[in-house]
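Here the structure is laid out as structure tokens; the discussion comes afterwards.
The values are calculated or read from the model by the stated rules, or taken from the named source; none is laboratory data. Remember, predicted model here, so these are calculated numbers, not experimental data. We place every Cβ from the backbone using ideal geometry, glycine too, and count neighbours over all the protein chains shown.
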């Protein structure tokens with residue numbers, strides 16, 4: 001048992017640590033050994049922090065030894081996406097711009113994990129500044145899908161999802177702007193959750209598009225998801241848009257009960273872009289829930305098809321200013337072609353940003369100029385409102401909406417290198433939850449050609465618990481989540 | 001000979017007397033060691049976020065009310081995008097089409113005669129850092145000032161019926177002095193021009209008397225005293241008149257007041273319309289002002305200087 005601790009879930013490890021069956025140090029060591037063994041092929045981590053991890057684990061063991069009560073996450077190793085600031089630990093956002101950036105402060109989510117006693121294994125790979133769906137836009141390297149190393153892990157939180165799938169950590173944090181937690185979770189066969197906008201603090205998380213970004217857990221099962229949520233949610237006085245709601249225990253939502261649940265199924269979520277086997281798996285999952293007492297109902301989400309376009313405009317506009325701070329003046333890599341201040345910033349940005357980021361910045365800057373503002377940005381915001389209304393109306397008739405997380409299973413590395421726009425379809429099913437601000441989770445629901453398929457459950461604003469309950473019920477009835485990739 | 005008349009617009013920035021900055025908890029103070037009063041937010045570090053300082057909003061509401069402005073029931077912050085090394089995020093959080101206060105006035109005495117100078121808007125924004133140019137063609141940036149709460153007060157030209165505009169250098173100075181007095185009474189700002197807690201940037205143009213079409217305007221910076229405001233505006237009016245009389249054209253530009261030489265000199269051209277790509281800041285929620293809030297702030301406003309003057313004159317027969 002002891003040599004395969006890394007295969008266990010966070011809640012199983014938590015029980016063992018709390019009951020002193022294993023030490024936190026042994027747990028951490030097991031994951032560190034696993035990273036040594038497999039990360040050279042998966043390449044999930046940009047930075048690993050083994051010494052600090054062992055020291056954190058030791059502190060948990062010491063506390064337990066002194067008889068102190070420790071939280072559920074105490075001693076549980078987790079990876080953190082490398083766009084989340086971590087005090088004293090390199091935070092690159094997978095950009096050349098930040099290859100030397102060591103934050104002087106912790107993001108609120110990092111601090112909360114730390115306070116909960118979680119152990120940080122390291123910082124995981126992503127598409128540069130979370131711009132992409134495959135980690136191929138990382139300036140560091142591309143992460144490989146543990147189920148098939150030729151395939152992408154999804155993105156932008158591809159490193160986090162791959163690390164969890166490959167047992168290189170017990171859980172990870174990702175960020176989700178258009179599906180960046182759920183899509184890689186789907187591709188890697190793990191659980192990925194985007195909470196209601198405002199439930200989790202964004203302070204210290206490098207913004208891409210402020211109105212869409214949300215931090216979420218990537219875990220091996222739904223129970224772990226609830227456990228990590230418990231540690232990170234809640235009002236943060238440093239993020240003005242976090243919601244002022246009472247602390248919740250999300251593990252209380254983990255009941256096997258979908259009796260009377262009304263599942264909304266929208267034809268718009270099963271368009272021609274959806275792979276036939278993916279659709280079959282998702283419809284099969286709906287049948288499983290119906291077999292447990294739920295009912296399904298056709299709902300209409302007529303404006304869904306404009307979602308990707310509206311998202312592309314809003315995200316480009318917002319990132320054109322959130323990424324303006326990367327200018328070489330105060331931190332990060334500064335171009336050697338200094339000259340005057342303007343030239344220094346220009347050269348720094350020219351050399352520091354990758355192509356996908358530059359495309360987005362140019363687009364966003366253009367969209368805010370002159371008449372484009374009304375013609376595109378305002379129109380995109382109006383579409384956003386129409387999509388919000390679509391969902392409000394749909395939720396009058398159903399409790400949750402089920403769809404595929406992604407149109408397909410993981411694609412091959414390099415498959416879209418000639419046609420990056422086509423890759424945007426990877427977000428086709430996920431982007432709406434960000435535009436609307438509602439919670440959405442992806443759980444494994446099948447396989448195609450040895451690659452995982454994701455089931456997406458989307459819920460009402462602030463009804464994250466129902467989501468977790470449905471996901472938990474489905475998971476406990478099936479065993480997709482128990483399958484593991486054969487890496488060595 | 002053509003007679004010219006001036007059009008003078010006043011843009012005044014005032015630092016608020018808050019303990020902390022507009023969008024973070026950093027201390028507000030003058031001077032001190034550079035870069036000692038900043039945080040991820042006002043330094044524009046990755047992940048820094050703004051949170052509104054309630055006290056700043058309160059002080060600005062108070063000022064807007066004392067300037068007889070209408071308070072917007074709902075107001076939002078915009079991002080004003082431009083690159084400059086003293087601007088930490090390379091966008092300034094400011095207000096655009098939905099300012100906190102609109103359509104007010106400042107009463108002045110022009111040669112003893114009262115005039116109501118129309119105020120177009122009062123809005124909230126954050127201050128920038130400060131550039132220091134040092135030996136060896138190098139520049140340093142101090143972010144202690146970055147993110148401090150600023151209030152911008154802009155006059156309206158032409159004024160609506162029943163209101164007036166500033167028509168001379170003398171009135172420009174009087175406007176600024178009256179405004180300062182009000183803000184001091186309200187304890188909204190210490191209004192120290194020499195320390196930069198009150199900054200005035202007049203826009204100046206002249207046009208043939210009676211003509212409605214405005215002339216080309218210039219903006220004057222570096223006016224660090226009331227005297228400088230008077231001298232600078234006066235100089236600029238005369239300079240523009242001379243240019244026009246000699247058959248020249250006024251160039252749209254920013255001009256810097258040189259206090260030692262007593263002249264304005266060209267700083268940078270403003271020929272091209274500036275494109276700030278304003279859009280609503282998604283990091284900050286809209287602010288709603290209900291009657292209860294506005295009423296509570298209104299009740300805090302003390303008797304203002306000119307009202308007190310009139311009361312004394314009436315009650316004690318002083319003239």
>> Out of A:208, A:212, I need the residue that is within 14 Å of another protein chain (Cβ to nearest Cβ), assigned to a loop (DSSP other than H, G, I, E, B), within 13 Å of the chain's Cα centre (by Cα) and at pLDDT 95 or above. Which one?
In response: A:212
> Quick one: residue B:269 ticks every box in (1) surrounded by fewer than 17 Cβ atoms within 10 Å (Cβ to Cβ); (2) over 30 Å from residue A:243 (Cα atoms); (3) away from every other protein chain (no Cβ under 14 Å); (4) touching a residue at least 40 places away in the same chain (Cβ under 8 Å) bar one, so which box is it?
Replying inline: (4)
> What is the residue count in region B:235-258 for residues that are closer than 24 Å to residue B:2 by Cα, in contact with a helix residue (DSSP H, G or I) (Cβ under 9 Å, 6 or more places away or on another chain) and crowded, with 18+ Cβ neighbours inside 10 Å?
Replying inline: 4
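Could you grab me the full set of residues in region A:423-460 that are over 20 Å from residue A:268 (Cβ atoms) and in a loop (DSSP other than H, G, I, E, B)?
Selection gives A:449, A:450.
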> Can residue B:76 be described as within 23 Å of the chain's Cα centre (by Cα), farther than 13 Å from residue B:143 by Cβ, in contact (Cβ under 8 Å) with a residue 40 or more places away in the chain and surrounded by fewer than 18 Cβ atoms within 10 Å (Cβ to Cβ)?
Replying inline: yes
>> I need a count of the residues in region A:326-342 that are facing chain B (nearest Cβ under 10 Å), under 17 Å from residue A:129 (Cα atoms) and over 24 Å from the mean Cα position of the chain (by Cα).
In response: 4
>> Which residue is farthest from the other protein chains (Cβ to nearest Cβ), if the candidates are limited to region A:353-368 and must be in a helix (DSSP H, G or I) and more than 24 Å from residue B:280 (Cβ to Cβ)?
In response: A:355
> Being buried (at least 16 other Cβ atoms within 10 Å of the Cβ), over 22 Å from residue A:213 (Cβ atoms) and within 22 Å of the chain's Cα centre (by Cα), is that true of even one residue in region A:76-88?
Replying inline: yes
>> Just to verify a result, which residue in region B:23-50, among those that are free of Cβ contacts under 8 Å to residues at least 40 places away in the same chain and surrounded by fewer than 16 Cβ atoms within 10 Å (Cβ to Cβ), is nearest to the other protein chains (Cβ to nearest Cβ)?
In response: B:25
>> Suppose we keep only residues that are within 21 Å of residue A:368 (Cα to Cα) and in a strand (DSSP E or B) within region B:64-81. Which one would you say is farthest from the other protein chains (Cβ to nearest Cβ)?
In response: B:75
> Is it the case that some residue within region B:286-294 is closer than 25 Å to residue B:175 by Cβ, more than 14 Å from every other protein chain (Cβ to nearest Cβ) and surrounded by fewer than 16 Cβ atoms within 10 Å (Cβ to Cβ)?
Replying inline: no
>> Looking at region B:43-63 only, could you name the residues that are assigned to a helix (DSSP H, G or I) and within 21 Å of the chain's Cα centre (by Cα)?
In response: B:54, B:55, B:56, B:57, B:58, B:59, B:60, B:61, B:62, B:63
>> Can you confirm whether residue A:313 is more than 14 Å from chain B (Cβ to nearest Cβ) and part of a helix (DSSP H, G or I)?
In response: no
